[in-house]
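Notes follow once the structure below has been shown.
Throughout, read-outs are computed from the coordinates displayed, never taken from laboratory work. No experiment lies behind these values; they were computed from the predicted model shown. Methodologically, a virtual Cβ is constructed for each residue, glycine included, from the backbone with ideal geometry; neighbour enumeration extends over all protein chains shown.
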């Protein structure tokens with residue numbers, strides 16, 4: 001089981017979703033991807049689409065930077 | 001849930017070869033594919049320019065007139081913007097702005113679409129008119145289709161014409 005990190009705070013639509021999807025595609029069962037993302041559309045939709053695609057969203061926690069969140073996703 | 005996943009489908013008829021409209025096509029395609037949609041892109045008429053192997057101005061096509069068209073229209077790299085093209089200066093400005101503002105360029109979106117397994121199809125009739133063959137297109141083009149097959153593919157999902 002490995003843990004990976006992805007920062008999409010500087011990305012814009014649709015690359016926020018594209019980069020997350022590509023990273024999620026690399027996970028093996030039990031692996032975790034931590035996605036650092038901004039509030040708004042990425043925060044609303046990245047966890048939702050990960051769940052819809054069969055991944056488990058373990059936590060959504062705001063970081064020390066206001067408006068930036070860490071989403072922990074497990075395959 | 002797997003049934004729900006399968007019913008999510010977006011099919012886009014990419015008619016335009018314009019830079020801005022192709023950007024819309026590939027933004028929607030990659031965004032939808034990223035959130036679990038099956039995506040079908042059906043390239044027809046000027047849209048076929050986007051999937052040519054030769055991305056610049058080149059005499060692609062069989063016969064004299066198709067070759068002339070090929071030179072004038074070019075491929076992805078020579079796509080004009082639909083308004084205020086200024087003889088091809090505007091697409092260069094757009095590319096510069098997109099890079100500067102950290103927005104994916106058209107080329108990056110096309111590469112992402114390939115990586116995400118977006119389905120590329122070419123229109124048989126438009127290819128016939130423009131003297132183009134499947135071998136003139138990037139290998140990601142899965143098949144050459146007509147209307148009936150496209151309707152079958154797009155059935156049960158959302159369809160857009162751009």
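Of all residues in segment A:1-22, which are within 17 Å of residue A:69 (Cβ to Cβ) and in a helix (DSSP H, G or I)?
Within segment A:1-22, A:16, A:17, A:19, A:20 meet the criteria.
Please go through segment A:23-35 and give me each residue that is within 14 Å of another protein chain (Cβ to nearest Cβ) and not in a strand (DSSP E or B), ordered by number.
Within segment A:23-35, A:23, A:24, A:25, A:26 meet the criteria.
Please verify whether segment B:72-79 includes one or more residues that are over 17 Å from the mean Cα position of the chain (by Cα) and either more than 14 Å from residue B:49 (Cβ to Cβ) or exposed (fewer than 14 other Cβ atoms within 10 Å of the Cβ) (or both). Break it down into steps so the answer makes sense when it comes.
Filtering segment B:72-79 down to residues over 17 Å from the mean Cα position of the chain (by Cα) leaves B:72.
Retained after the next criterion (residues that are either more than 14 Å from residue B:49 (Cβ to Cβ) or exposed (fewer than 14 other Cβ atoms within 10 Å of the Cβ) (or both)): B:72.
Checked against the condition, which is being over 17 Å from the mean Cα position of the chain (by Cα) and either more than 14 Å from residue B:49 (Cβ to Cβ) or exposed (fewer than 14 other Cβ atoms within 10 Å of the Cβ) (or both), segment B:72-79 yields at least one hit.
Looking only at segment A:1-22, which residues are more than 9 Å from every other protein chain (Cβ to nearest Cβ) and exposed (fewer than 12 other Cβ atoms within 10 Å of the Cβ)? Working first, answer last.
Quick first cut of segment A:1-22, residues more than 9 Å from every other protein chain (Cβ to nearest Cβ) only: A:1-9.
Those that are more than 9 Å from every other protein chain (Cβ to nearest Cβ) and exposed (fewer than 12 other Cβ atoms within 10 Å of the Cβ): A:1, A:2, A:3, A:5.
In segment B:1-115, which helices (runs of 4 or more DSSP H) lie fully inside it and hold 1 or more residues that are out of contact with any strand residue (DSSP E or B) (no Cβ under 9 Å at 6 or more places or on another chain) and either under 17 Å from residue A:14 (Cα atoms) or more than 14 Å from chain A (Cβ to nearest Cβ) (or both)?
B:19-34, B:64-73, B:89-100, B:106-115
For the subset of segment A:36-49 comprising residues that are over 15 Å from residue B:35 (Cα atoms) and under 10 Å from the mean Cα position of the chain (by Cα), which member is farthest from the other protein chains (Cβ to nearest Cβ)?
It comes out as A:36.
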